[in-house]
1. Determine one quarter of the surface area of the Cα convex hull of the chain, which equals its mean projected area, and express it in nm² to one decimal.
2. Return the sequence-ordered ³J(HN,Hα) values of segment 12-28 in whole Hz as given by the Karplus equation 6.51 cos²θ - 1.76 cosθ + 1.60 applied to θ = phi - 60°, using x for Gly and Pro.
3. Based on the Cα coordinates of segment 169-220, what is the per residue volume of their convex hull in Å³?
4. Under a GNM of the chain (C-alpha, springs under 10 Å), which listed residue has the highest mean-square fluctuation: GLU141, GLU120, GLU87?
5. Would you mind checking the tilt of helix 206-221 against the longest principal axis of the Cα atoms of the chain, expressed as 0 to 90 degrees and rounded to 10?
6. Please list, in chain and number order, the residues 5+ apart from VAL96 or on another chain whose amide H is under 5 Å from its amide H, with Hs placed from the backbone.
7. Over the chain, what is the relative contact order in whole percent, taking alpha-carbon pairs under 8 Å and six or more residues apart?
8. Given a 1.4 angstrom probe, I'd like the percentage of the accessible area of segment 86-227 that is carbon and sulfur, rounded to a whole number.
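The values are calculated or read from the model by the stated rules, or taken from the named source; none is laboratory data. Remember, predicted model here, so these are calculated numbers, not experimental data. To get the accessible areas, we keep the full protein, side chains included, count just its heavy atoms, and leave off ligands, DNA and RNA. Shrake-Rupley method; radii C 1.70, N 1.55, O 1.52, S 1.80 Å.
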Amino acid sequence: VRSFQQEKNLSNKKVLITAGPTQEAIDPVRFISNHSSGKQGYAIAKAAKELGADVTLVSGPVSLPPVDGVHTIPVTTALDMFEVMKEEAQKADYIVMAAAVADYRPAKVASDKIKKTKEETQIEMVPNPDILAWIGQHKQENQIVCGFAMETKDLDKNAQEKCIRKNCDLLIANNLKVEGAGFQTDTNVVTLVSKNTLKHLPKCTKEELGFLILRTMKEIEEGKSLC
Ligand code: CTP
Ligand code: CA
């Protein structure tokens with residue numbers, strides 16, 4: 001990792017990263033979201049900057065300080081993120097989708113605060129676009145795309161299927177059930193997945209993983225496989 005860092009290995013690259021959760025409004029005071037802290041995406045942005053890349057970070061609502069020297073575009077909803085990504089993806093060499101994008105959004109956003117009643121209630125939800133799948137479908141020649149996957153069971157099988165379905169060059173699979181992995185921690189336990197290989201990694205910090213992901217993307221670009 002160290003020699004890779006010292007060599008400013010990404011100085012001619014444009015790196016586009018998403019981070020954090022999305023928030024899907026129900027009414028003016030409420031939303032549906034998830035536990036993503038944004039730490040992993042921000043760590044990748046910081047690593048890419050240190051490696052000399054031109055970095056754009058599309059960030060959902062997080063409580064992390066901005067990363068120096070990184071162009072940060074704040075977004076709230078999955079639809080916002082999709083619009084920004086369709087535009088930005090055209091300019092990127094490496095794309096890393098670390099954001100935890102909400103799979104659904106409320107079918108309509110109430111313009112006034114919804115009042116409580118004594119009745120049971122339901123919120124009708126509609127699917128959000130899959131941003132990573134769109135990027136995979138529209139991948140340009142020489143573009144390297146890295147997705148993430150959050151699984152609680154059958155990690156290897158589910159993650160590899162996701163990698164293939166979304167046309168990713170690399171997928172970082174998180175097992176939420178393992179200690180030291182997941183949303184709010186400073187460490188992660190992941191499996192690197194390509195369309196035909198799996199590599200289980202020991203626990204590492206999100207900072208270390210940031211560098212490792214970028215180095216792996218560079219190796220994939222140079223035609224190496226994951227082993
Ligand atoms: N993702 C995305 N757009 C969505 C949902 C997910 O771009 N609407 C991206 C995430 O940023 C991540 C990857 O897809 O890089 C996998 O997310 P994950 O939630 O693990 O997979 P899903 O395909 O949404 O499948 P499921 O939640 O059913 O496991
Ligand atoms: Ca999902």
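1. 13.4 nm²
2. Result, rounded to whole Hz: 9, 10, 9, 10, 10, 10, 10, 8, x, x, 10, 10, 10, 5, 9, 8, x.
3. 73 Å³
4. Most flexible of the set in this elastic network: GLU120.
5. The helix 206-221 is inclined about 60 degrees to the chain.
6. Result for VAL96 returns LEU16, ILE17, THR18, CYS146.
7. Details: 486 pairs, mean separation 44.9, N = 227.
Once normalised by length, the contact order is 20 percent.
8. Exposed carbon and sulfur together represent 48 percent of the surface.
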